[in-house]
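To start, the structure itself, in structure tokens.
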Amino acid sequence: QVQLVASGGGLVQAGGSLRLSCVMSGGTFSVFNMAWFRQAPGKERDFVASITKGGGYTRYVDSVKGRFTISRDNAKNTVALQMNSLKPEDTAVYSCVADPFALGSVPNAYRYWGQGTQVTVSS
């Protein structure tokens, strides 16, 4: 059974940085595309970034381009999201997701979801 556990969230001031990590267990990490989604209170889940199995291709939502970087370490079964220049509108629960085929922005296309980690950015 594939499990995803995210960590690294917290409270940070606007302009600050956080690094989220997500570790996979129970599956072969290198066969999965990975992504991060976020959900703010009262809003739908939004795509943030994705990365292919080998890490050679990444994709970002326009609002985080130039500020966030997704990366993965297949030897450690880990995907990370480095978030810089954080803004209050980045406040949300961030979840890592995995799927052998999905890579885009549709949440339901991803089979496996982690529990999420809260990111709060104060102004």
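The values are calculated or read from the model by the stated rules, or taken from the named source; none is laboratory data. The shown structure was predicted, so the numbers you read here are calculated from the model rather than taken from an experiment. Note: ideal-geometry Cβ built from the backbone for every residue, glycine included; neighbour counts use all protein chains shown. Ligands, DNA and RNA are stripped out before the accessible areas are found, and what is left, the full protein with its side chains, is counted by its heavy atoms. Shrake-Rupley method; radii C 1.70, N 1.55, O 1.52, S 1.80 Å.
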I need every pair where a residue in segment 50-66 that is more than 14 Å from residue 90 (Cα to Cα) and of a type in the set (A, V, I, L, M) has its Cβ under 8 Å from the Cβ of a residue that is assigned to a loop (DSSP other than H, G, I, E, B) and open to solvent by 90 Å² or more (accessible area, probe 1.4 Å), sequence separation at least 6 or different chains. 51/57
So in segment 3-41, with the set limited to residues that are within 15 Å of residue 76 (Cα to Cα) and assigned to a loop (DSSP other than H, G, I, E, B), which one is most open to solvent (accessible area, probe 1.4 Å)? 28
Residue 72: passes all of (1) more than 16 Å from residue 100 (Cα to Cα); (2) not in a loop (DSSP other than H, G, I, E, B) but (1)
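Would you mind finding the one in 119, 93, 79, 97 that is hydrophobic (A, V, I, L, M, F, W, C), out of contact with any Pro (no Cβ under 7 Å at 6 or more places or on another chain) and over 22 Å from residue 25 (Cβ atoms)?
119
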Neighbours by Cβ (under 8 Å, 6+ apart or cross-chain): first from segment 10-23, in contact (Cβ under 8 Å) with a residue 12 or more places away in the chain; second buried (at least 17 other Cβ atoms within 10 Å of the Cβ) and among the aromatic types (Phe, Trp, Tyr): 20/36; 20/94; 22/36
Run residue 86 past the list (1) open to solvent by less than 10 Å² (accessible area, probe 1.4 Å); (2) closer than 13 Å to residue 113 by Cα; (3) in a loop (DSSP other than H, G, I, E, B) and report the number of the one that doesn't hold. (2)
Select, from 91, 69, the only residue that is open to solvent by 60 Å² or more (accessible area, probe 1.4 Å) and within 18 Å of residue 12 (Cα to Cα). 69
Close pairs from segment 98-112: first part of a strand (DSSP E or B), partner of a type in the set (Phe, Trp, Tyr) and open to solvent by less than 40 Å² (accessible area, probe 1.4 Å), Cβ under 6 Å, at least 6 apart: 98/32; 99/110
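Listed here are the residues, each with its yes/no results for (1) charged (D, E, K, R); (2) modelled with pLDDT of 95 or more; (3) over 23 Å from residue 1 (Cα atoms).
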| position | (1), (2), (3) |
| --- | --- |
| 41 | no, no, yes |
| 45 | yes, yes, yes |
| 69 | no, yes, yes |
| 72 | yes, yes, no |
| 94 | no, yes, no |
Among residues belonging to segment 52-66 that are touching a Phe, Trp or Tyr at 6+ places or on another chain (Cβ under 9 Å) and part of a loop (DSSP other than H, G, I, E, B), point out the one that is farthest from residue 40 (Cα to Cα). 53
